[in-house]
Structures are given as structure tokens and as C-alpha cells.
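Data block below; observations after.
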Amino acid sequence: MNVKFRSYQTEDFLKVRDMLVTSFKESGNQGNWLIDRWNFCRMVSHTMHGTFDSWEKTVGVWEDETGMIVGVVNSEGEESGEAFFQVRFPLSSAILEEMFVFAESSLTIQDKGLRVIRLRIPEGDPIREAIALARGYKKLDWDDSMSTLSLRNLGSVDLPQGYRIQSGLDVSSEAKALAHAKAFGYFEEAHDRTFPLAFERMKLAPDYRPDLDLSVVDVSGEVVSFCTLWYDTLNQHGVLEPVGTIAAARKKGLARAVIREGLHRIAGYGAKSAYVGSTMDFYKRLGFKAIFRSHVWEKALTASDNG
């Protein structure tokens with residue numbers, strides 16, 4: 001197979017999305033993102049971090065002689081020195097080495113006078129681990145984990161009195177952005193137009209479904225809890241991203257209720273399972289079980305590093 005590198009183009013967004021779906025169907029976990037992260041990061045994270053227009057220039061693509069994308073190196077667009085590999089199927093060491101080189105040359109950040117890069121490597125991938133060790137990476141005590149839930153025997157949706165669940169088209173981007181800021185602790189920063197714009201753009205994502213973009217609102221109409229699900233039709237699963245509750249409304253069962261409502265809705269589409277990028281006890285109590293893990297490997301590049 002003749003695999004060659006090329007620069008990412010705007011039209012590749014859906015091609016990569018399709019690759020992620022197909023690779024999961026054929027091979028299970030390769031350490032790839034699921035469709036939630038690909039959609040959410042492009043529309044929301046890149047907008048919030050001011051990288052919406054520049055991100056494409058930082059993405060590398062590898063394709064075979066038929067034009068099929070078989071590998072991608074990308075960031076979350078947060079300029080944090082983190083890189084992620086997306087692969088269609090297990091690639092040769094030579095191609096993986098090229099992906100390492102690209103990440104080191106395109107996605108590092110300055111940290112204490114050194115250029116630093118952090119990669120995710122799936123647990124149990126000896127080829128990528130061997131390359132990382134040979135190139136001077138160290139494994140950190142930090143990982144990305146994924147949990148899954150079978151959608152059989154879903155619990156009931158129990159909301160306390162005074163709250164109701166609304167779908168995406170019934171909630172303004174401003175209200176959703178404010179709730180997200182309060183839930184994730186950046187409320188003081190969420191004063192400009194950037195944050196509502198991020199959630200307006202989320203509604204333009206290819207896999208966005210307004211009936212799966214759920215918010216709990218209180219009697220005043222404020223969004224106090226939320227859960228957006230992304231449904232992968234081919235793999236018959238949904239993915240939760242984002243999920244949050246503002247501090248003043250926690251410990252009331254609101255997140256549990258809105259998640260369960262979302263799970264019932266994707267089950268109605270034919271979903272057999274759900275995923276979430278977390279192993280928190282909260283999700284364990286809902287019945288989620290840890291299934292995938294990728295470890296973070298870090299390299300500090302010096303002036304002598306040529307990639």
C-alpha cells in the first residue's frame with residue numbers, strides 16, 4: 001500500500017468523520033476519537049480558543065493511492081501541545097514515525113524554555129509505544145478513558161418539581177453558553193460574543209441533532225443542566241458531549257435525568273449502547289463501565305531535535 005502525506009483541506013472534515021465511523025465498525029478501538037469529539041472540538045472548542053480559522057493548517061493527513069484517508073494527526077485546537085492520531089487501520093511503523101515527526105514539528109508548545117509535545121497512545125499498542133520510547137517520550141500518569149453503557153433496561157427520567165427538559169432549538173445559544181461557563185468554571189471569562197458563537201456553530205455540525213441537544217431549565221428559564229448526544233448510525237451508539245450542571249443546581253438528580261432522557265431518545269433511533277469520555281464515579285453509578293484507555297506520553301524537544 002502506497003501511503004503519502006498531504007495537507008488537510010476543508011472538505012476533509014466529513015472524510016475524516018467517515019473514517020472514524022468506519023474504523024470503529026471494522027476494528028473497534030484504535031485510540032481514535034468518536035464522532036462527538038470531532039464535531040464538538042471543531043465547532044465549539046476551536047471557537048472558544050480562537051483557533052477556528054487557523055486549526056486546519058495544523059492538521060496532517062495520510063492517504064493511500066485511491067485517495068482514502070488512512071491517518072490523521074490533529075489537536076483539539078487549544079494550543080496546549082497535545083496531539084492525537086486517528087488511524088483507519090493499523091499502520092506501518094514507517095507511517096507512524098512520519099506522524100510522530102509531524103506532531104513534533106507542528107503541535108508543540110513552549111514550556112520552561114523547551115518545546116513540549118504530548119501524544120495519546122492507546123493502551124496495548126506496542127508499536128506506537130516502541131516508537132515513542134525510541135524518540136525520547138516518557139509515559140505520564142495521565143490518561144484519556146472511555147466508558148460504555150448498554151441501553152437495555154434504562155431507568156426512568158425523574159425530574160424534581162419546577163424543572164423541565166428542552167431540546168436544542170428551544171434554548172438560545174446565549175443560555176447554553178452561560179450554563180456551560182458556570183458548569184465548567186470559566187464564568188468570569190464568558191462575557192464576550194465568542195462563547196454564544198461557539199454554541200451557534202455547534203448547531204451547524206454535521207452530526208448535530210437538536211432533539212439530542214438537551215437542557216434542563218428551571219422555573220425562571222435558566223439552563224441549569226445539559227447533555228448533548230451524538231448518534232453514530234452505522235455503529236448504533238450515541239456519545240455524550242458535553243454534560244454539565246451549574247454549581248447551584250447540583251445534587252438534585254438533574255444530570256442523571258437529562259442523560260437518561262437522551263439515552264431513551266438514542267435508543268429510539270436504534271442505538272444499542274452509549275459512550276462517554278470519562279470514568280467518573282457519577283457515570284459508574286449510572287451503569288457505565290470503563291472500556292478504552294489511552295495514555296499520555298510527553299517529549300521535551302531540544303535544539304538538537306530535528307523531528
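No lab work stands behind these numbers, since they all come straight from the coordinates. Remember, predicted model here, so these are calculated numbers, not experimental data. Every residue, glycine as well, gets a Cβ built from its backbone with ideal geometry; the counts of neighbours run over all protein chains shown.
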Seminar exercise, completed: Phi-derived 3J(HN,Hα) across the stretch 278-292 with the Karplus relation (6.51, -1.76, 1.60, θ = phi - 60°), rounded Hz, x for Gly and Pro, is 6, 10, 4, 4, 4, 6, 4, 5, 7, x, 6, 10, 4, 9, 10
Problem set entry | Estimated vicinal HN-Hα couplings, Hz - the stretch 240-254 in sequence order (Karplus 6.51, -1.76, 1.60; Gly, Pro = x) | 8, 5, x, 10, x, 9, 5, 4, 5, 10, 7, 6, 10, x, 6
Seminar exercise, completed: The distance between the Cα centres of the stretch 27-59 and the stretch 226-296, in whole Å, is 19
For this session: Run down the lysines and flag those whose C-alpha is under 30 Å from the C-alpha of LYS112, throwing out any fewer than 8 positions away in its chain.
Result: LYS57, LYS138, LYS139, LYS299
For this session: Obtain the nm distance between the two label points defined at ARG250 and PHE187 by a simple spin-label model: each point lies 7 Å from its Cα along the Cα-to-C-beta direction.
Result: 1.2
Problem set entry | Backbone N within the stretch 128-144 under 19 Å of label point (7 Å from SER93 Cα along the Cβ vector) | 128-138
Seminar exercise, completed: Here the gain from full extension of LYS4 to VAL101, 0.36 nm per residue of separation minus their alpha-carbon distance, amounts to 33.5 nm
For this session: Over all directions, average the projected area of the Cα convex hull of the stretch 152-271 and note it in nm².
Result: 7.5
Exercise. Length gain on complete extension for the stretch ASP143 to GLN236, per 0.36 nm per residue less the alpha carbon to alpha carbon distance?
Worked result: 30.9 nm
Exercise. Given labels modelled 7 Å from the Cα in the Cβ direction, how far is it in nm from ASP158 to LEU14?
Worked result: 4.4
Problem set entry | Inter-probe distance in nm under a simple model that places probes 7 Å from Cα toward Cβ, at GLU26 and VAL219 | 5.7
Exercise. Can you give the direction-averaged projected area of the convex hull of the alpha-carbon atoms in the stretch 82-203, in nm²?
Worked result: 13.1
